[in-house]
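A short write-up of the structure that comes next.
The values are calculated or read from the model by the stated rules, or taken from the named source; none is laboratory data. Just so you know, these numbers come straight off a predicted model, no measurement behind them. Neighbour counts run over all protein chains shown; Cβ positions are idealised from the backbone, glycine included. Surface areas here come from the heavy atoms of the whole protein model, side chains and all, with no ligands, DNA or RNA. Shrake-Rupley method; radii C 1.70, N 1.55, O 1.52, S 1.80 Å.
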Amino acid sequence: MAIDLRGQPVLVVGAGIMGAGIAQVAALAGHPVRLYDARDGAAADARSKLTATFDGLVAKGKLDAGQAEAALARLQPVAALDAAADARLVVEAIVENLDAKRALLRQLEGIVGADAVLATNTSSISVTAIANGLAHPGRLVGMHFFNPVPLMKLVEVVSGLHSDAGVAQAVFELARAWGKVPVHAKSTPGFIVNRIARPYYAEALALLLEQAATPQVLDACLRAAGFRMGPCELIDLIGHDTNFAVTCSVYEANFQDKRYAPSLVQKEMVDGGLLGRKSGRGFYRYGGDAGGAPALPVAVHAAPATAREVVVHGDGAIADALEQSAAQALTAQGWGPAREKGSGWTGLAVDGARLVLTDGRTANELAAATGCADLAVFDRPLQLPWAPGSALAWAPAERAGAAWRMQAPSWLAALGFAPLPVADVPALIVARTVAMLVNEAADAVLQGVCTPEGADAAMKLGVNYPAGPFEWLARWDVRGVVTLIDALDATYRGERYRVSPWLRRRVHA
Ligand code: NAD
């Protein structure tokens, strides 16, 4: 018979930032909730804080006074675990330590009934390992909430090797009844979100290491691609110590797979106490007059010099958008661009010079391959149509003449972008970041960690990505992503740019 946990008594162990949030959500959903913490007074403090939070929400009209009162009446701090022997669900949110979690859950098995479900909110420890040693390991699953719990919709329901499928389903249904969006995950390092998100930080740090772009430029480009925060400002917010610790834990847990290797750039900052907002300085300075990322200087571009012929190359949606923008830019001159499909590249040909959408190759490589010296590459616009003035990275080939070096950014500006010059690196900024996010998600699916739909939901709800990796893939194409990552691999070698077999198999599908 299916397990139904709705309305059943809940015990939350650990009244810290996560436990308090979980208790709040469970109490609001109508459960009698007991809250326990090993530190005297911590559970009572958490309840007092919640009372103040509820008062604020009621005052703002965001919570009904009667509901708040009833939820608070249902939430009881307890001084001993025995006081919650009738719990049908235990959610553990104590310190992130395997031995502590194992010891607690073993102790709980002697207190709660044999049919009680055990859930751990661990963010990085194997659920299989935590279950090892339990009398009934099948009843333990991960119930991974995100911070702040009342606001974040995502819950990763994590199954280890022992976990009973019925228990996972019951926790999944319960999370849904609590107004969350649950996603099934297999217990692997980082689960879904913390694993698939690694390249968002790693690619920025790799570009910083080789001085390809500044933090401001990286942030501006990824914000223009629709991310709420750029990677550098986001790491400053998370804290370099925390972000570095998660990276190291995923790296170690994967037997030091170089794909997840931490960055020297970040280690140096952590060692130096440049932890981000909380220490007053990370990539940016905070506090006093300093308010994070300084504004980028606005470059002024002269209108493109009069061209005799403009041809938009390419087949997809980006080429269509380029054609539209080029047509608009040329209206004043009374003529429009020509369009050539099937030419094997996307971009603009202006009197023989080329402005090429990155396919992973550098401007120098493209110039050598095409024999066209007056060539520049530009990054992938992710938002179609792009908002006027969207930041976009570009780089000229070394052999490009002075005139084309001036005209290429003017053309990008005329097309509606704010062109930001960066080093001539393969796949520039947005294209390489998104391709690597797609690649990581593909590997997660290959390994049965989650479904494509689960990955999309998890990344949109867990870290607010503007789209899921498989949604990006559907708008791009598998061959394009694979070609781009192969180009990165051709430059860097090593293991980081290793195409997921899941993607490679689909190139010919
Ligand atoms: P926290 O330090 O705010 O709270 C932990 C609480 O557990 C403390 O109040 C502590 O006194 C109590 N505690 C420690 N050992 C205990 C024990 N043996 N028995 C009872 N209580 C004990 O930590 P947190 O940020 O709430 O994290 C809790 C768990 O949630 C960790 O496993 C963490 O990895 C996970 N998590 C944290 C976040 C986050 O953003 N903070 C997000 C997802 C998951």
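Here Asp486 passes the criteria (1) touching a helix residue (DSSP H, G or I) at 6+ places or on another chain (Cβ under 6 Å); (2) outside the structural domain of Ala363 (by TED's automatic domain parsing) except the one numbered (1).
Exactly one residue out of Ala27, Ala46, Ala52 is at pLDDT 95 or above, under 33 Å from the mean Cα position of the chain (by Cα) and within 16 Å of the ligand (Cβ to nearest atom), and it is Ala46. Ser390 falls short on exactly one of the conditions (1) open to solvent by 20 Å² or more (accessible area, probe 1.4 Å); (2) among the polar types (S, T, N, Q); (3) more than 21 Å from Pro426 (Cβ to Cβ), and that condition is (1). Scanning the stretch 214-226 for residues that are more than 19 Å from Lys267 (Cα to Cα), assigned to a loop (DSSP other than H, G, I, E, B) and open to solvent by 10 Å² or more (accessible area, probe 1.4 Å) yields a single hit, Gly226. Looking across Leu28, Leu35, Leu5, one residue alone is open to solvent by less than 10 Å² (accessible area, probe 1.4 Å) and within 11 Å of Leu75 (Cβ to Cβ). It is Leu35.
Pairs meeting the criteria (first residue in the stretch 249-273 and under 19 Å from Leu237 (Cα atoms) and outside the structural domain of Met436 (by TED's automatic domain parsing), second residue open to solvent by 40 Å² or more (accessible area, probe 1.4 Å) and small (Gly, Ala, Ser), beta carbons under 7 Å, at least 6 apart or on different chains) are Gly273/Ser279.
Selection of first residues in the stretch 95-106 that are over 15 Å from Leu118 (Cβ atoms) and of a type in the set (Ser, Thr, Tyr) and of second residues that are open to solvent by 50 Å² or more (accessible area, probe 1.4 Å) and near the ligand (Cβ under 10 Å from one of its atoms), restricted to Cβ pairs under 8 Å at least 6 apart or on distinct chains, gives an empty result. Going by the structure shown, is Asp86 within 16 Å of the ligand (Cβ to nearest atom), over 27 Å from Arg195 (Cα atoms) and open to solvent by 50 Å² or more (accessible area, probe 1.4 Å)? In short, no.
Residues in the stretch 291-315 that are surrounded by 12 or more Cβ atoms within 10 Å (Cβ to Cβ) and without any contact (Cβ under 8 Å) to a residue 60 or more places away in the chain: Gly292, Ala307, Val310, Val311, Val312, His313, Gly314, Asp315.
One line per residue, one yes/no per condition, for (1) under 23 Å from Ile238 (Cβ atoms); (2) open to solvent by less than 40 Å² (accessible area, probe 1.4 Å); (3) in a helix (DSSP H, G or I); (4) at pLDDT 95 or above:
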position	(1), (2), (3), (4)
Val425	no, yes, no, yes
Leu437	yes, yes, yes, yes
Gly448	no, no, no, yes
Ala457	yes, yes, yes, yes
Thr483	no, no, yes, yes
Arg496	yes, no, no, yes
Ala509	no, no, no, no
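When the residues of the stretch 112-142 are filtered to those that are within 13 Å of the ligand (Cβ to nearest atom) and in contact with an Asp or Glu (Cβ under 8 Å, 6 or more places away or on another chain), the one that is farthest from Gly190 (Cα to Cα) is Ala119.
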